[in-house]
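Reviewing the structure listed below.
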Amino acid sequence: MSLSNLIKNWSSLRVKRPYEDQYKDKDYKWAMVIDLDACTGCNACTTACYAENNLPVVGREAFSKGQAMHWIRIERYWGEGEEMKGRFPDRGAQFLPMLCQQCESAPCEVVCPVGATHHTPDGLNSQVYNRCIGSRYCSANCPYKVRYFNWWQYPERAWPNPLELQLNPDVTVRSKGVMEKCTFCVQRLTEAKGRARTEGRRVADGEVVTACAQACPTSAITFGNLADDKSQVARTWERQQIKLASDRQEKDENLRGYRILEDLRTYPSIVYMERVRDSEA
Amino acid sequence: MIHTTDESDIEIERRFVPKAKDINEDIAWAQINKDVLRSMERPRLMYWVIFLASLALFSVGVYCEVYQYRNGLGAADLENPQVWGLYIATFIFWIGMSHSGTLLSAILHIMHADWRKPIYRFAEAMTTFSLMTAGLFVLVHLGRVWQFYYVVAYPNERWTWPNFNSPLVWDATAIGTYLTSSIVFLYFGMIPDLAICRDNAKGFRKKFYWFLSAGWQGTDRQWANFRVAYMTLACFLIPLAVSVHSIVASDFAVSQQPGWHITSFPPYFVAGALYSGCAAIITLFIILRYVFRFEAYMTMPILDKTCRLTFAIAMVWTYLNLIEYASAWYGNDEYAKQALIFRATGTYAPYWWAMNFLGSIVPFVLVFKSLRNHLPTMMVVSLLLNVGMWLERFMIITPTLAHGYYPWTWTGDWWPNWVQIGIVAGSFGWFSMLFMLFCKIFPAVSMYEVKEMVYHRFMASKARA
């Protein structure tokens with residue numbers, strides 16, 4: 001009976017340290033690098049994400065209410081002290097693609113009452129739609145606010161017949177009342193891992209990329225396996241002197257890499273490369 | 001006691017020795033029975049006015065909830081950072097309301113403060129019904145309410161457990177326990193009174209009270225067992241009352257949102273809970289006193305004591321509130337400080353200042369004895385205090401979600417829409433509907449405890465004389 005199982009396995013249910021006590025797959029740790037110098041703010045990543053992950057287009061009204069479902073969003077910033085040309089800065093805006101940071105010690109995971117969001121051994125912060133009851137506590141506790149809730153029953157309104165034929169068959173279509181977020185295109189990762197496993201090898205670098213990385217025309221987004229020392233992502237992390245399980249990096253100040261809000265000890269898996277602009281001109 | 005029949009002497013006595021009695025100890029036991037039973041028969045017209053108004057409000061709430069259930073939570077105009085809106089704010093409000101019943105019935109029972117006796121029954125009913133209302137909000141705010149039972153730790157073959165790290169699971173457990181215990185406590189303390197109802201009822205009512213009074217005969221052995229059991233339940237309930245609101249506070253204190261991540265939240269919440277509960281007791285005291293003609297039992301000196309208690313708790317709340325501001329202001333956490341500044345100067349600033357004014361300044365009305373004994377003033381003041389406490393909860397949720405860590409998600413223009421307001425209004429209707437029904441069906445004044453009170457006071461005055 002499950003009650004005796006509970007007593008027998010009580011230690012497995014006790015509170016664990018978020019990063020150190022996790023079970024980790026030694027072969028895989030998915031991570032990303034986003035070069036803000038290369039990002040042009042073209043929104044191709046967002047579009048690709050909508051197509052790949054069956055994200056509903058919510059329409060103008062819901063969008064203006066803040067109910068958009070963009071798992072990756074392009075944020076627009078005016079630089080400090082920029083000269084303004086009308087309503088816009090003279091030298092243009094700066095962009096930052098924001099998506100789920102796949103934190104190794106995620107604030108959303110501890111607060112979910114039903115364990116619908118949890119950590120996978122390969123370092124993803126996964127979301128189980130069937131388990132989610134929609135308390136939205138995860139979103140309230142997410143410092144990046146990258147979790148998106150299905151405020152409406154989207155399938156009928158976003159993909160009226162015959163548009164449902166465009167849906168990606170590898171990805172669940174979510175119903176109203178569940179939380180969703182960027183999965184690092186987990187359907188691609190699982191497929192690649194399965195293929196590699198049948199061939200008895202590890203997934204090679206570049207063999208699998210997320211939809212956003214694939215679509216980026218300037219290759220601003222690099223995706224890969226951090227556990228593989230030779231992967232491009234691991235080499236960039238190394239070069240930028242960023243350690244995954246650290247809330248304060250001891251690194252050379254001239255290096256551009258940083259992680260967003262890492263002092264909250266979320267251990268995010270995405271490194272951003274600061275944009276370099278000359279101070280004059 | 002006055003040993004003269006001279007009218008003028010009595011007049012002088014009344015004017016110069018204003019020794020207000022909590023209750024007139026000459027009141028006959030049969031009279032107590034008669035008065036309380038009569039309240040269950042024919043209340044004033046106002047009863048039906050209040051009942052129908054609450055029924056109407058409740059229907060509004062039901063309509064809004066059905067609309068929201070069919071369309072999804074988008075109907076309530078919630079959005080990405082503003083994920084909770086009024087629902088969780090009002091949830092905290094109702095949980096808070098539930099605390100004073102326990103304060104009056106359990107804590108003051110253990111401390112032998114016998115002035116609580118005529119008013120604890122309705123306070124206890126208020127506890128139960130406000131917990132039920134709070135429970136509604138837990139359901140209303142869920143995206144998939146039909147699967148709410150996933151939060152409960154029930155044994156199942158699929159090995160799926162709730163996440164015991166999550167404060168929401170603690171919440172569900174604590175509220176469930178507290179609700180069950182307060183229903184048991186309310187019912188248990190009512191058994192001797194239900195027996196009186198049984199003895200005076202006819203027809204189907206007799207059967208109803210006969211069933212509920214569980215064979216109460218009033219024998220010595222029954223009374224002895226009753227006392228022990230009642231005291232045990234009271235002792236059991238007190239830590240529960242403190243824990244339940246501490247756990248609700250942990251929902252916020254455990255999260256890392258700036259403005260919530262504050263160590264002093266649990267005592268602050270408990271103090272706020274007692275505060276709004278005491279204010280609600282004053283409101284309901286005045287209403288019941290009028291509606292059920294309880295002037296002889298719900299007397300002005302008792303109201304006076306309740307008001308003084310409310311004032312004391314208001315000051316505790318003010319103190320803890322100032323601590324919260326001070327720790328954010330002087331602390332090293334820049335995010336928390338910014339969140340505080342946003343509350344005081346941002347979009348929701350008028351409500352923040354109103355909250356502080358209503359919560360900390362208005363209670364000073366209770367300092368003046370003449371005002372404490374003026375029923376219309378007390379009615380207005382007690383309602384204002386609760387408006388202040390509701391605003392406090394609104395200020396905990398909305399500005400905090402509007403001003404988190406990540407500047408891109410800051411929103412300063414979010415306001416609740418009609419669905420949310422309708423459901424919140426409906427919750428008030430639901431509460432007062434249940435409460436009014438309770439007072440009509442069950443004795444709202446504890447007959448046996450008032451008799452005890454009268455008896456003890458009488459013996460004491462005889463000993464003095």
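Some observations on this one:
- In the range B:155-212, the residues that are at pLDDT 90 or above, exposed (fewer than 14 other Cβ atoms within 10 Å of the Cβ) and within 14 Å of chain A (Cβ to nearest Cβ): none
- Near pairs, Cβ below 8 angstrom, 6+ apart or cross-chain, from the range A:255-266 (charged (D, E, K, R)) to any residue that is surrounded by 17 or more Cβ atoms within 10 Å (Cβ to Cβ) and not in a loop (DSSP other than H, G, I, E, B): A:Arg256/A:Met273; A:Arg259/A:Ile270; A:Arg259/A:Val271; A:Arg259/A:Tyr272
- Given (1) more than 8 Å from chain B (Cβ to nearest Cβ); (2) within 18 Å of the chain's Cα centre (by Cα); (3) of a type outside the set (Val, Ile, Thr), index of the condition A:Ala68 fails: (1)
- Conditions (1) part of a loop (DSSP other than H, G, I, E, B); (2) within 14 Å of chain B (Cβ to nearest Cβ): number failed by A:Ala204: (2)
Every residue, every condition in (1) surrounded by fewer than 18 Cβ atoms within 10 Å (Cβ to Cβ); (2) in a loop (DSSP other than H, G, I, E, B), yes or no:
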{"position": "A:Gly194", "(1), (2)": "yes, no"}
{"position": "A:Arg197", "(1), (2)": "yes, no"}
{"position": "A:Gly200", "(1), (2)": "yes, yes"}
{"position": "A:Gly224", "(1), (2)": "no, no"}
{"position": "A:Gln249", "(1), (2)": "yes, yes"}
{"position": "A:Val276", "(1), (2)": "yes, yes"}
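- Exactly one residue among B:Leu52, B:Leu86 is modelled with pLDDT of 90 or more, farther than 30 Å from B:Asp171 by Cα and among the hydrophobic types (A, V, I, L, M, F, W, C), and that residue is B:Leu52.
- Some residue of the range B:193-200 being β-branched (Val, Ile, Thr) and touching a residue at least 12 places away in the same chain (Cβ under 8 Å): yes
- Residue that is nearest to the other protein chains (Cβ to nearest Cβ) [pool: residues in the range A:123-138 that are of a type outside the set (Gly, Ala, Ser) and in contact with a strand residue (DSSP E or B) (Cβ under 8 Å, 6 or more places away or on another chain)]: A:Arg136
- Scanning the range B:34-76 for residues that are buried (at least 20 other Cβ atoms within 10 Å of the Cβ) and assigned to a loop (DSSP other than H, G, I, E, B) yields B:Pro43, B:Gly72.
- Near pairs, Cβ below 8 angstrom, 6+ apart or cross-chain, from the range B:130-147 (without any contact (Cβ under 8 Å) to a residue 40 or more places away in the chain) to any residue that is hydrophobic (A, V, I, L, M, F, W, C): B:Leu139/B:Val145; B:Leu139/B:Phe148; B:Leu142/A:Ile133; B:Leu142/B:Phe148; B:Arg144/A:Cys132; B:Arg144/A:Ile133; B:Arg144/A:Val178; B:Gln147/A:Ile133
- Restricting attention to the range A:64-82, the residues being surrounded by fewer than 14 Cβ atoms within 10 Å (Cβ to Cβ) and within 18 Å of B:Ala402 (Cα to Cα) number 1.
- Per-region count, the range A:112-122, residues within 13 Å of another protein chain (Cβ to nearest Cβ), touching a residue at least 60 places away in the same chain (Cβ under 8 Å) and in contact with an Asp or Glu (Cβ under 8 Å, 6 or more places away or on another chain): 2
- Restricting attention to the range A:67-98, the residues being farther than 25 Å from A:Tyr272 by Cα and free of Cβ contacts under 8 Å to residues at least 12 places away in the same chain number 5.
- Test set (1) surrounded by fewer than 24 Cβ atoms within 10 Å (Cβ to Cβ); (2) modelled with pLDDT of 85 or more - B:Asp114 fails condition number: (2)
- Among the residues examined, A:Gln101 qualifies as within 14 Å of chain B (Cβ to nearest Cβ) and under 30 Å from A:Asp278 (Cβ atoms).
- In the set (1) within 24 Å of B:Val424 (Cα to Cα); (2) modelled with pLDDT under 90, the condition left unmet by B:Gly215 is number (1).
- Residue check for A:Asn141: under 21 Å from A:Phe184 (Cα atoms), more than 7 Å from every other protein chain (Cβ to nearest Cβ) and not small (Gly, Ala, Ser): no
- Per the listing B:Pro363, B:Pro443, the residue uniquely closer than 28 Å to B:Phe129 by Cα and outside any helix (DSSP H, G or I) is B:Pro443.
- Some residue of the range A:153-160 being within 26 Å of B:Asp251 (Cα to Cα) and within 9 Å of chain B (Cβ to nearest Cβ): no
- Scanning the range B:57-70 turns up one or more residues that are free of Cβ contacts under 8 Å to residues at least 40 places away in the same chain and either in contact with a Phe, Trp or Tyr (Cβ under 8 Å, 6 or more places away or on another chain) or not β-branched (Val, Ile, Thr) (or both).
- Residue within the range B:182-202 that is within 30 Å of A:Lys176 (Cβ to Cβ) and among the charged types (D, E, K, R) present: no
- Any hit, the range B:86-107, residues being of a type in the set (Phe, Trp, Tyr), within 20 Å of A:Trp151 (Cα to Cα) and within 22 Å of the chain's Cα centre (by Cα): yes
- Of all residues making up the range B:98-149, the number that are more than 14 Å from chain A (Cβ to nearest Cβ), outside any helix (DSSP H, G or I) and of a type in the set (Lys, Arg): 1
- Checked against the criteria, A:Asp247 counts as without any contact (Cβ under 8 Å) to a residue 24 or more places away in the chain, of a type outside the set (Gly, Ala, Ser) and touching a Phe, Trp or Tyr at 6+ places or on another chain (Cβ under 9 Å).
- No other residue among A:Val33, A:Val57 is within 18 Å of A:Phe149 (Cβ to Cβ) and in contact (Cβ under 8 Å) with a residue 40 or more places away in the chain apart from A:Val57.
- Unique match (being at the interface with chain B (Cβ under 10 Å from one of its Cβ atoms), in contact (Cβ under 8 Å) with a residue 24 or more places away in the chain and not basic (Lys, Arg)) among A:Ala51, A:Ala62, A:Ala38: A:Ala62
- Within the range A:77-104, tally of residues that are over 24 Å from A:Thr172 (Cβ atoms), assigned to a loop (DSSP other than H, G, I, E, B) and modelled with pLDDT of 90 or more: 1
- When the criteria are applied in full, A:Glu20 fails the requirement of being farther than 28 Å from A:Ile270 by Cβ and either of a type in the set (D, E, K, R) or not in a loop (DSSP other than H, G, I, E, B) (or both).
- Residues in the range A:161-181 that are in contact (Cβ under 8 Å) with a residue 60 or more places away in the chain and away from chain B (no Cβ under 14 Å): A:Gln166, A:Leu167, A:Asn168, A:Val171, A:Thr172, A:Val173.
The values are calculated or read from the model by the stated rules, or taken from the named source; none is laboratory data. Note that this is a predicted model, so its numbers are computed, not measured. Note that each Cβ is placed from the backbone with ideal geometry, even for glycine, and that neighbours are counted across all protein chains shown.
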